[in-house]
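This report refers to the structure that appears directly beneath it.
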Amino acid sequence: MPALFSVKTPPKTSPLRIFVPENRNGTTTTTNYNNKTPSPLTKRVPSASPSPSNSRVKPTKGTPEKVTIDEASLDNPDLGPFLLKMAQDTISLGDNPNKALDYAIRASKSFERCSGPGPSLELTMSLHVVAAIYCSLGRFEEAVPVLERSIEVPDIRNGSDHALAKFSGYMQLGDTYSTMGLLDRSVSSYESGLNTQIEALGDSDPRVAETCRYLAEAHVQAMQFDEAENLCKKILEIHKEHSAPASLEEAADRRLIALVYEAKGDYESALEHYVLASMVMIANGHDNEVASTDVSIGNIYMSLCRFDEAIFSYQKALTVFKATRGDNHLSVASVFIRLADLYYKIGKLRESKSYCENALRIYAKPVPGTASEEIANGLTEISAIYEALNEHREALNLLQKAMKLLGDTPVHRSTIAGIEAQMGVMFYMVGRYGEARCSFESAVAKLRASGESKSAFFGIVLNQMGLACVQLYRISDAIDLFEEARGVLEQECGSCHLDTLGVYSNLAATYDAMGRVEDAIEILEFILKVREEKLGTANPDVDDEKKRLAELLKEAGRARNKKGKSLENLLDSNSQRMKKDVRKGRSVFGFRS
């Protein structure tokens, strides 16, 4: 089974911008909030006049005094714009956000009363502002229904302004879900926003390419690589139609699709796109971006076992990073980690550990302004190398430091789940099965909460948790976990994938331990049939499976059924878990991690 890994969150992007329809002077404005939610709307929403929060002319007076407003006066059509202006001025001064929220809520009520039965862009805009203030206060759950209401108001049949308002609502809702750690809902909102934009602009508009890029990054974060690949291909097609050859935008998108190919194991395609992106950046003199791409190229070479070329790429990047950013920058530490991993793979363990120590010295005294998430990710990667070096105590210490740096926030939920899963693997390896099960259980709960219960990674964690339960003699719990892992991996990887076959083998072993010998035999016969077709009858793994099956068949008093059942019929018959006493004897074959 592949090693467990942490799920990284994309880096922060520009602050959130809120759509504002044309005002009485015929101009379009956007309101900028310093919200930490990543959003692509900075590029997507045009701004003909400066935002109140970004204007060079700063108010010299203090925050406007709170205005007492009678509910009956909300029927005045001039009150909504006035209250919204008060909210914007309060935010631009960085003063009491709760007061700004009160103004914005009252403004939305006034717009709703005065808008009449038809769709109102002013009401949509005020709802966007209310939701943005809720997000800035960390009240994301309250922002969600406001944004859902803002999406219902505009009617795209009324023109591009309405389409833009609805699009902005979907994207802001996706950003909010992302901050809450609900990746599945976030991706769904972004997809609805993209569909709205395509309906208004067509599917080849350059602005559609920007939204496709944003959605592709969200799919990568959710480990939905096939969907991300399709979007990246669409982006490159739009570039061919609208962009100049070898543009920087195209280079950035080639790096993204290369990342997707790398995640899918298509290293040759990934290398092709990385090299093309690097050539464009070299031509434009973007040395730091070239160095970052060199690191990615080094990763591909290492995956292809072309170690000398990988070392050359890493050393090139290291020279540039030291010259442009300094010896103590985190980018230097990241290259040290890559070199440590490479030297471990080629058996030079002393050099590997030395590079790990060099990286840790940088993380111990990072340059000012370094994000804690970047340090946590680096510590997680180093811990994986220490684990491979059998220094489990040091690896666990690094993971605990990483979790402490991240804190218990929804936006880091997936990353923490990955760290907990990695800790569970190490606890398991050193025989601390109870702690391993607790770590896996916490990781599974976080992955469920963040909407990642359909990913292959989730299936792998379930399998590992099942193995911990077996060691604790909780066989019934193990069967439940293996069965759920089987369902996930069948959906994500297919029934013939090695990870799925590993879960089948574990499930057969637990069935045998529970006395369900016939069920175990049927699963093992399917496993052996697939392995013979893929590996050949002389493969050692196939020989092991034959011996295990032979022992079970001898115990059951029958011969092997070489014909075999279809997998669908085989697994449907085992869908209901049978509660039987655990056999006293040990299973005749082992478990696979």
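So here's what we get for this one:
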{"read-out": "Pick from the stretch 279-293, criterion among the small types (G, A, S) and open to solvent by 10 Å² or more (accessible area, probe 1.4 Å), ranking: nearest to S247 (Cα to Cα)", "value": "A283"}
{"read-out": "Which numbered condition P245 misses (of (1) out of contact with any Asp or Glu (no Cβ under 8 Å at 6 or more places or on another chain); (2) farther than 16 Å from N299 by Cβ; (3) touching a residue at least 12 places away in the same chain (Cβ under 8 Å); (4) of a type outside the set (K, R))", "value": "(3)"}
{"read-out": "Odd one out for G181, checked against (1) on the phi > 0 side of the Ramachandran plot; (2) over 15 Å from the mean Cα position of the chain (by Cα)", "value": "(2)"}
{"read-out": "Of the criteria (1) of a type outside the set (D, E); (2) within 27 Å of V260 (Cα to Cα); (3) touching a residue at least 60 places away in the same chain (Cβ under 8 Å), which one A216 fails", "value": "(3)"}
{"read-out": "Residue among S160, S186, S204 that alone is closer than 30 Å to Q491 by Cβ and touching a helix residue (DSSP H, G or I) at 6+ places or on another chain (Cβ under 9 Å)", "value": "S186"}
{"read-out": "Among (1) more than 20 Å from the chain's Cα centre (by Cα); (2) in contact (Cβ under 8 Å) with a residue 24 or more places away in the chain; (3) open to solvent by 30 Å² or more (accessible area, probe 1.4 Å); (4) farther than 30 Å from C305 by Cβ, the one test that C438 misses", "value": "(2)"}
{"read-out": "Residue count, the stretch 467-482 (criterion: in contact with a Lys or Arg (Cβ under 9 Å, 6 or more places away or on another chain) and open to solvent by less than 10 Å² (accessible area, probe 1.4 Å))", "value": "4"}
{"read-out": "Count of the stretch 100-151 residues which are under 25 Å from the mean Cα position of the chain (by Cα), closer than 20 Å to T90 by Cα and in a helix (DSSP H, G or I)", "value": "6"}
{"read-out": "Where A100 falls short, out of the listed (1) within 19 Å of G193 (Cβ to Cβ); (2) of a type in the set (A, V, I, L, M, F, W, C); (3) in contact with a Ser or Thr (Cβ under 6 Å, 6 or more places away or on another chain)", "value": "(1)"}
{"read-out": "Close pairs from the stretch 79-93: first closer than 12 Å to I133 by Cβ and without any contact (Cβ under 8 Å) to a residue 60 or more places away in the chain, partner open to solvent by 30 Å² or more (accessible area, probe 1.4 Å) and part of a helix (DSSP H, G or I), Cβ under 7 Å, at least 6 apart", "value": "T90/K99"}
{"read-out": "Condition broken by R413, with the remaining ones in (1) closer than 19 Å to K446 by Cα; (2) touching an Asp or Glu at 6+ places or on another chain (Cβ under 7 Å) satisfied", "value": "(2)"}
{"read-out": "Residue within the stretch 232-246 that is open to solvent by less than 60 Å² (accessible area, probe 1.4 Å), hydroxyl-bearing (S, T, Y) and modelled with pLDDT of 90 or more present", "value": "no"}
{"read-out": "The lone exception for S178 - which of (1) surrounded by 19 or more Cβ atoms within 10 Å (Cβ to Cβ); (2) without any contact (Cβ under 8 Å) to a residue 40 or more places away in the chain it fails", "value": "(2)"}
{"read-out": "Single condition G80 does not satisfy, out of (1) surrounded by fewer than 19 Cβ atoms within 10 Å (Cβ to Cβ); (2) at pLDDT below 85", "value": "(1)"}
{"read-out": "Failed item, numbered, when T500 is tested on (1) more than 26 Å from the chain's Cα centre (by Cα); (2) polar (S, T, N, Q); (3) surrounded by 22 or more Cβ atoms within 10 Å (Cβ to Cβ)", "value": "(1)"}
{"read-out": "Close pairs from the stretch 526-547: first open to solvent by 60 Å² or more (accessible area, probe 1.4 Å), partner at pLDDT 75 or above and outside any helix (DSSP H, G or I), Cβ under 9 Å, at least 6 apart", "value": "E533/C496; K534/C496"}
{"read-out": "Residues of the stretch 403-432 that turn out to be of a type in the set (D, E, K, R) and either touching a His at 6+ places or on another chain (Cβ under 6 Å) or surrounded by 21 or more Cβ atoms within 10 Å (Cβ to Cβ) (or both), as a count", "value": "2"}
{"read-out": "Residue check for A485: without any contact (Cβ under 8 Å) to a residue 60 or more places away in the chain and open to solvent by less than 40 Å² (accessible area, probe 1.4 Å)", "value": "yes"}
{"read-out": "Test: residue in the stretch 105-114 that is more than 18 Å from S178 (Cα to Cα) and in contact (Cβ under 8 Å) with a residue 60 or more places away in the chain", "value": "no"}
{"read-out": "Residue within the stretch 153-169 that is open to solvent by 30 Å² or more (accessible area, probe 1.4 Å), closer than 30 Å to A449 by Cβ and out of contact with any Pro (no Cβ under 8 Å at 6 or more places or on another chain) present", "value": "no"}
{"read-out": "Enumeration of residues in the stretch 153-172 that are closer than 12 Å to H128 by Cα and under 28 Å from the mean Cα position of the chain (by Cα)", "value": "A165, K166, F167, S168, G169, Y170, M171, Q172"}
{"read-out": "Test result for A252, of a type in the set (A, V, I, L, M), over 18 Å from A456 (Cβ atoms), surrounded by fewer than 18 Cβ atoms within 10 Å (Cβ to Cβ) and modelled with pLDDT of 90 or more", "value": "yes"}
{"read-out": "E142 without any contact (Cβ under 8 Å) to a residue 24 or more places away in the chain and not β-branched (V, I, T)", "value": "yes"}
{"read-out": "Pair list, Cβ under 6 Å, 6 or more apart: the stretch 296-321 residue polar (S, T, N, Q), other residue assigned to a helix (DSSP H, G or I)", "value": "S296/Y274; S303/Y267; S313/D294; S313/I297; S313/G298"}
{"read-out": "Filter result (more than 19 Å from S192 (Cβ to Cβ) and touching a Phe, Trp or Tyr at 6+ places or on another chain (Cβ under 6 Å)) within the stretch 137-156", "value": "E142"}
{"read-out": "Exclusive hit being of a type in the set (S, T, N, Q), out of contact with any Pro (no Cβ under 8 Å at 6 or more places or on another chain) and open to solvent by less than 30 Å² (accessible area, probe 1.4 Å), set S303, S296", "value": "S296"}
{"read-out": "Filter result for R157 (more than 25 Å from M223 (Cα to Cα), without any contact (Cβ under 8 Å) to a residue 12 or more places away in the chain and assigned to a helix (DSSP H, G or I))", "value": "yes"}
{"read-out": "Options G431, G459, G451, G494: the member that is at pLDDT 85 or above and either under 19 Å from A417 (Cβ atoms) or assigned to a helix (DSSP H, G or I) (or both)", "value": "G459"}
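The values are calculated or read from the model by the stated rules, or taken from the named source; none is laboratory data. Quantities reported herein were computed from a predicted structural model and do not represent experimental measurements. Glycine gets a Cβ as well: all are built from the backbone with ideal geometry, and neighbour counts include every protein chain shown. Calculation scope for accessible area: heavy atoms of the full protein, side chains included, ligands and nucleic acids excluded. Shrake-Rupley method; radii C 1.70, N 1.55, O 1.52, S 1.80 Å.
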